[in-house]
Amino acid sequence: MKSKYYLLGLPLVALLAASCGQRSSSPESIDGIDEFEICQKLMSGQKDYKVETDYGTVYLELMTSIQWPEKMGSANLSVLQDSIKRIAFRDRTSDGIREVLKNFIANTSIVDGATSVEPVDSLPADSMTYFYSVTADITDLTEDLVTYQVIASSFLGGAHPMTATRPFTYNLNEGVVLTNDNIYLPGVTNDSIMPVIKEALARQLSVPVRSLDRTGIFVSQFTYPGRPYIVNNTLYFHYDPYEIGPYALGNIDVAVHPYSIDHFLKPEVRKLFDQEF
């Protein structure tokens with residue numbers, strides 16, 4: 001059975017600070033106690049600005065907080081680190097994560113119509129305040145995989161704030177991020193996978209598949225698998241608001257248990273699941 005790692009009593013939501021010592025780089029079992037070395041940094045940044053625009057004065061708050069991986073057993077984390085920079089910050093060129101974060105909290109170009117920008121120490125209480133926030137947190141970790149959830153939230157004018165969620169799973173054994181392009185056996189198509197995903201969503205919503213439209217699902221758009229990721233031994237397919245449903249439905253994460261889909265998955269992906277239940 002695979003081990004799941006917990007930090008300070010919570011599943012991978014707190015910072016493991018004392019694990020960066022000189023221990024074995026691969027999982028060990030001593031007296032029945034498993035050890036798997038983890039080292040990460042909690043990195044955050046925030047900067048506030050006063051922005052003059054062609055429609056008046058607004059204030060802008062830029063903030064970010066990420067759990068940055070430095071060691072997870074003996075796995076090569078370079079692809080994981082590059083993926084965090086790309087998925088969370090759309091950054092493909094900066095060398096280090098500090099440069100990425102500095103660039104993010106300095107990027108005031110996201111405000112349309114800005115004529116001048118100056119940093120401020122604090123935001124006035126009664127001001128028109130825009131914001132853009134990015135977080136990247138671990139939601140699952142075993143000896144074989146780590147799953148991150150990246151959340152980007154913003155209000156830059158308009159009817160309501162916008163939030164985009166980008167969960168993804170990194171295979172520590174293979175050094176790859178799981179995608180719909182690399183998790184299935186050759187020959188598996190959307191036509192093979194979608195009936196399983198539709199059945200799973202209908203089960204979540206307690207309706208037959210034929211009645212998904214009555215729950216608000218855009219059945220004409222529900223034709224492709226969402227972003228795959230693994231949490232708690234379950235394969236999820238993530239859809240953002242408007243992808244297969246209205247904004248009011250929020251994020252839709254379809255839970256597919258491994259026994260219902262493992263015959264479609266590559267062997268190296270099946271190994272990520274603990275099916276001893």
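The values are calculated or read from the model by the stated rules, or taken from the named source; none is laboratory data. The structure presented is a predicted model; accordingly, all values stated were derived computationally and were not measured. Methodologically, a virtual Cβ is constructed for each residue, glycine included, from the backbone with ideal geometry; neighbour enumeration extends over all protein chains shown. Accessible surface is based on the protein model in full, side chains and every heavy atom, while ligands, DNA and RNA are left aside. Shrake-Rupley method; radii C 1.70, N 1.55, O 1.52, S 1.80 Å.
Share of carbon and sulfur in the accessible area of the chain stands at 49%, probe radius 1.4 Å. With the whole protein complex present, residue 263 retains an accessible surface near 110 Å², based on a 1.4 Å probe. Take the Kirkwood radius over Cα pairs of the chain, plug it into Stokes-Einstein at 20 °C and 1.002 mPa s, and you get 102 µm²/s for translational diffusion. Seen from residue 230, the other residues with C-beta closer than 10 Å to its C-beta sum to a net charge of -2, counting Lys and Arg as +1 and Asp and Glu as -1. Model label points for residue 151 and residue 251, set 7 angstrom from Cα along the Cα-to-Cβ axis, are 0.7 nm apart.
Under the rule that an exposed site lies in a DSSP loop and has at most 16 other Cβ atoms within 10 Å, name the longest stretch of the chain with no GluC sites (Glu not before Pro) of that kind, not counting the sites themselves. For GluC sites (Glu not before Pro) (loop position, at most 16 other Cβ atoms within 10 Å), the longest site-free span of the chain is 1-242. Per DSSP H run of at least 4 residues, take -39500 (n - 2.57); add these up for the chain, divide by its residues and hand me the 222 nm value, nearest 500 deg cm²/dmol. Calculated from helices alone, the mean residue ellipticity at 222 nm is -4500 deg cm²/dmol.
Using a cut-off of 25 Å between Cα atoms, the listed pairs 198/266; 41/271; 47/85; 71/271; 41/85; 41/102 include 41/271 as exceeding that distance. Contact order for the chain, expressed relative to its length and based on alpha carbon pairs under 8 Å spaced 6+ residues apart, stands at 15 percent. Note on the range 27-100: with charges restricted to the Cβ of Lys and Arg (+1) and Asp and Glu (-1), its dipole about the Cα centre is near 380 debye. If you sort 77, 123 by accessible surface, 1.4 Å probe, largest first, the order is 123, 77. Using a probe of 1.4 Å on the protein chains alone, the accessible area found for residue 112 is around 120 Å². For 41, 85, the ranking by accessible surface with the largest value first comes to 41, 85, using a 1.4 Å probe. Sorting 162, 63 on solvent-accessible area from highest to lowest, probe radius 1.4 Å, gives 162, 63.
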